[in-house]
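Asks: Take this structure first; my questions come after.
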Amino acid sequence: MKKIILFTTLLLISFAVFSQEKEIRNLLETQRQDWNRGDIPAFMRGYWKSDSLMFVGKNGPTYGWQETLENYQKNYPDKSAMGILTFDIKEIKILDKTHAFVLGAWHLQREKDEPQGYFTLLVQKFKDGWKVVVDHTS
């Protein structure tokens with residue numbers, strides 16, 4: 001009987017983790033599609049809309065959803081500058097019921113170049129779903 005209870009518990013935990021990972025992958029896929037349509041405001045729906053959002057890039061940390069939006073719009077003024085984005089998710093580590101760590105690679109295909117790099121994300125589950133709360137992209 002103990003083995004059945006243990007097996008059932010492990011099965012339920014595995015299903016919960018799998019479900020969380022799927023939701024996080026869906027968040028990132030939605031962001032990728034929004035980016036590839038040239039829709040930065042839609043892409044930003046994947047971020048926590050808070051002054052506490054942290055984005056760390058080559059120029060150091062930026063705080064706040066609005067500041068992050070404005071930086072994206074300044075650095076990617078049109079669809080040509082945005083290119084076609086692809087992700088390669090290397091790892092999703094569920095930390096607890098509402099937090100996860102994501103490691104991945106990004107690649108932009110543009111007419112004149114192909115910038116690429118890596119990102120680490122801290123994502124948090126809110127009432128309306130998973131959101132990026134910390135983004136370190138290089």
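Asks: Counting Lys +1, Arg +1, Asp -1, Glu -1, what net charge surrounds Ile40 among other residues with beta carbon under 15 Å of its beta carbon?
Replies: On the way: positive: Arg32, Arg37, Arg45, Lys49, Lys74, Lys79; negative: Asp34, Asp39, Glu67, Glu70, Asp78, Asp135.
Around Ile40, the charge tally is 0.
Asks: Moving on. Angle check, please: helix 65-75 long axis (alpha carbons) against the longest principal axis of the chain (alpha carbons), in degrees 0 to 90, nearest 10.
Replies: Compared with the principal axis, the helix lies near 50 degrees.
Asks: Taking springs between alpha-carbon atoms closer than 10 angstrom, which of Arg45, Arg32, Arg110 fluctuates most in the Gaussian network model of the chain?
Replies: Maximum among the listed residues: Arg110.
Asks: Okay, moving on. What is the set of long-range amide H partners of Ile89 at a cut-off below 5 Å, with H atoms built 1.01 Å from backbone N?
Replies: Ala105
Asks: Based on Cβ point charges of +1 for Lys and Arg and -1 for Asp and Glu, what charge dipole magnitude is obtained for the chain about its Cα centre, in debye rounded to the nearest 20?
Replies: Working: 19 positive and 17 negative charges, 116 e Å.
It comes to approximately 560 debye.
Asks: Antiparallel as a % of all DSSP beta bridges within the range 2-137, to the nearest 5?
Replies: In the range 2-137, approximately 90 percent of DSSP beta bridges are antiparallel ones.
Asks: Of Lys97/Lys127; Lys97/Lys125; Lys49/Lys90; Lys22/Lys90; Lys22/Lys58, which ones are farther than 18 Å apart at the Cα? Let's see the in-between values first.
Replies: On the way: Lys97/Lys127 12 Å; Lys97/Lys125 8 Å; Lys49/Lys90 26 Å; Lys22/Lys90 14 Å; Lys22/Lys58 29 Å.
The pairs that break the limit, which is 18 Å between Cα atoms, are Lys49/Lys90; Lys22/Lys58.
Asks: Using θ = phi - 60° and the Karplus relation 6.51 cos²θ - 1.76 cosθ + 1.60, list the HN-Hα couplings for the range 21-32 in order, rounded to whole Hz, with x at every Gly or Pro.
Replies: Computed from phi, the couplings for the range 21-32 are 4, 5, 4, 5, 4, 5, 4, 5, 5, 4, 4, 4 Hz.
Asks: Average the reciprocal distances over every distinct pair of alpha-carbons in the chain, invert the result, and give the Kirkwood radius in Å.
Replies: On the way: mean 1/r = 0.0621 Å⁻¹.
By the Kirkwood definition, the hydrodynamic radius is 16.1 Å.
Asks: So if each residue of separation counts as 0.36 nm, and I subtract the Cα-Cα distance between Asp39 and Val56, what length gain in nm does that give? Walk me through the numbers on the way to the answer.
Replies: Numbers: separation 17, 0.36 × 17 = 6.12 nm, distance 2.12 nm.
Computed gain between Asp39 and Val56 is 4.0 nm.
Asks: Could you check the spin-label model distance between Lys127 and Phe18? Points 7 Å from the Cα along Cα→Cβ, value in nm.
Replies: 3.1
Asks: Continuing with the same structure: Mind sorting Lys127, Lys79, Lys22 by how few other Cβ atoms lie within 10 Å of their own Cβ, fewest first? Display every interim value, and only then the final one.
Replies: On the way: Lys127 4, Lys79 14, Lys22 11.
Ranked by crowding around the Cβ, least crowded first: Lys127, Lys22, Lys79.
A short reminder: the numbers here are calculations on the coordinates, not readings from a lab. Quick caveat: nothing in here was measured; it's all calculated off a predicted structure. Neighbour counts are summed over all protein chains in view; Cβ atoms, including those assigned to glycine, are modelled from backbone coordinates with ideal geometry.
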